[in-house]
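The block underneath contains the structure these notes are about, expressed in structure tokens.
The values are calculated or read from the model by the stated rules, or taken from the named source; none is laboratory data. On a predicted model such as this, the values are computed, not experimentally measured, just so you know. Note that we place each Cβ from the backbone using ideal geometry, even for glycine, and neighbour counts take in every protein chain shown. Just so you know, the surface numbers come from the protein's heavy atoms only, side chains and all, with ligands and any DNA or RNA stripped out. Shrake-Rupley method; radii C 1.70, N 1.55, O 1.52, S 1.80 Å.
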Amino acid sequence: MESTRDRILASVTAMMRDGVERLSVRAVAAHAGVGASTLRHYFPTQRDLINAALTATYDAAMPDERIRDTALPPRERLRECLWRLFEPFGTNDADAFAVWQSLFQAFPGADTTPDARAGYDLIVSQAERRVGAWLAILEEEGVLPPGDTERRVHLLLTVVDGLSIERALPHRPDYLVHQAATLAFAVDAVFDLPRS
């Protein structure tokens, strides 16, 4: 049975698709079928609510089980996990464009609101946390030499960012093949980076 907290998170996640500015406490409480005081009990501030929803969405979108599947080669496991980062952008051109358009409308620019900036910072920190955890798992197994995790995470996420933007731009029909090869190249670089 779904808990009240989970029901609130499901509501705010669904509503976030329409934009952060629509997430008033009253609107989220009504959508979840709870009172505003109940919502405030679980999430004292709007920022707490948005952060919890973003974290839950991120964790659901990127489960860790494949990184632990030692039946697969370690580089393949890491590539598969990184490829999951693209799923919110879709392989459909219209979907990818819509996602990037909403991101660019919400986050960059001098007029970005503090809430939007905090939301972006949370997305970035969640991505860094997750990719860093994948690398730590591979290091603990002894299949990835110890190294500069921060540098490796930055390299991988920079490549992922570039490839995800490419999905929203005009591209050749076989772009997914080239994206897979580029991601594999980045993973190989991470495994082969010398210790700093």
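By the scheme Lys and Arg +1, Asp and Glu -1, what is the net charge of all other residues having a beta-carbon under 15 Å from that of residue 35?
Combined, the nearby Lys, Arg, Asp and Glu give +4.
Spin-label model, residue 177/residue 141: points 7 Å from Cα along the beta carbon direction are separated by 2.9 nm. Note on residue 171: accessible area approximately 50 square angstrom, rounded to 10, probe 1.4 Å, nucleic acids and ligands left out. The figure for residue 129 is an accessible area of roughly 110 square angstrom, using a 1.4 Å probe on the protein chains alone.
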